[in-house]
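Notes to accompany the following structure.
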Amino acid sequence: MINIKQWLRSITGVGDKTINIMCKEIQGIALDTSMRKIAFWSVVNRIANIISKCEFCTYSSHKKIFSDEYYSWNFSPNKNQSSDIFLKEMISKLYSNNETLVIEKGGELYVADDFKKESKGTKEYIFYDIKIEEQIITRKYRSEDVLYFKLNDENVKGILDALYENYKKLIDLSINAYRKTKGSKGTLSIDTIASGDPNFQENLKKLLEEDFQKFFNSDNAVLPLFKGYEYKQLDSKTYSADNTRDIKSQFDDIFDFTARGFCFPPSLAKGDVQDTQKAIDEMLTFCIDPLVDMIQTEINRKKYGKKVLDGDYLKIDTTSIKHIDIIDVATSVDKLIGSGVTSVNDILKLMGMPKIDEGWANAHYLTKNYSTFEELLKNAKGGE
C-alpha cells in the first residue's frame, strides 16, 4: 500500500527532500491522470466485455463436445471467479502490461498478477516468482506448462502515455487561455498618502487577497476602497462556449489516439451512435478477430498440441457479440433455414435462445426454390 507522500514523489520525480505542492497542482495531476485512465479503460473494458460474451467451444474429432475444458472457459475457471470475471481480468492485464500469464494449479486456471520471465535465445521460457493476489508461487513453470499471451512486440500503452505527455501541454495552453477569457483585469492606483498609512501593508494585503477575490468571484458585488486607492477595469470577461468546445474536442482527441492505438473504432470508445454498425464491423475485423485468434492459438498449441490436426481443438465463437433483434432478422432467418445453411437450433443459439430437444430442430432444410438446373429441366420435361 503506497501512501500519499510516496505517490506525490512518484509522479513529481522529487526525492525525500521537503516539497511544497499547491492544491491546484494536485488537481491538475488528478485531471491528467483521470482523463488518461478514462480513455484507456473505456477501450479496454469494452474489449474485455466483448471477449467475455464469446463462447469457448471444444471439439473432438471435429464434433462439438461439452468437456471439462468447456466448463472451465465458459463457466468457472477457478473456485473464486466466474468465467466473465476471469476473462475480463485476463484482457485487462494483457492491455495494461502488453502481456499476461495464465497458469493451471490444481486443475484450475488463474491469471497471474505479476511474474518474471527468463528467456535465453532459442531456449524455452521459464516463468517464476508468479504472484496471484497475495500468494507467491514458488514453483518455476516452463513455457509449455502455461498460457502466455503477448499483445504486441512493443507496449502500445507506453507509447500512448508518452504521446499524452506531449499532448497535454496543448490542453494546458487551451485551459489557461480559457481561464484568461473568464478573468478580469484592472489597475490599482495608490497615492503617497495611502502608502504612508501605518496600516498600509495590512490594508493592502486584505484588499488584494480577500476583497478583490470576493469581488471578482461574485455575480453582483461592491468593492470598498480606502482613500488613496483607485481601481480601473481594463477589460471585461469575454466568456464564449466555443472555448469549452475546443477543450472538449482536445479531450476527445485523447480517446481517439487511445482507441486507434489498439485498433478500436474511436466512435465506439466515445459512445457515439452514428454509423454504429460500420464501426462494429471495423472493431470485429481489426481488433477482436486478431485478439481471438491469438488467444485460441495459444490455448490450442499448449492444451491440444498436434491433436488439432485430428479435430481436437478449442474455437472461440464470436457470433454472439452482436445484439440480434429477432424481428429485424426474421427475413434473414427464413433465408438461412430455407437454404439449408443452418438448422433451427443453430439460429436459436445465435439469438441466445434455448435449443429445442427434437431431431427436426437439428435437421437442415432446403426449400423447393433451391434446385439444380438438371432438376429444373427434368421437371420441365415431365410437365410436357
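The values are calculated or read from the model by the stated rules, or taken from the named source; none is laboratory data. None of the values given here were measured: they were computed from a predicted structure. Because the Cβ atoms are built from the backbone with ideal geometry, glycine has one as well, and the counts that use them run over all protein chains shown. We work out accessible area using only protein heavy atoms, side chains counted, and drop any ligands, DNA or RNA first. Shrake-Rupley method; radii C 1.70, N 1.55, O 1.52, S 1.80 Å.
Couple of notes before you dig in:
- The share of accessible area on region 86-137 that comes from carbon and sulfur is 41 percent, using a 1.4 angstrom probe.
- Note on residue 298/residue 260: beta-carbon distance plugged into 1/(1 + (r/R0)^6) with R0 of 25 Å gives a FRET efficiency of 0.50.
- Label separation (residue 134 vs residue 206): 5.7 nm, computed from points 7 Å beyond Cα along the C-beta direction.
- FRET efficiency estimate (nearest 0.05) - Cβ-Cβ, residue 75 to residue 334, R0 35 angstrom: 0.60
- Formal net charge of residues neighbouring residue 287 (Cβ-Cβ distance under 12 Å; K, R +1; D, E -1): -2
- Computed 3J(HN,Hα) for region 52-59, one whole-Hz value per residue from the Karplus formula 6.51 cos²θ - 1.76 cosθ + 1.60 where θ = phi - 60°, is 5, 7, 6, 9, 8, 8, 10, 10, glycine and proline marked x.
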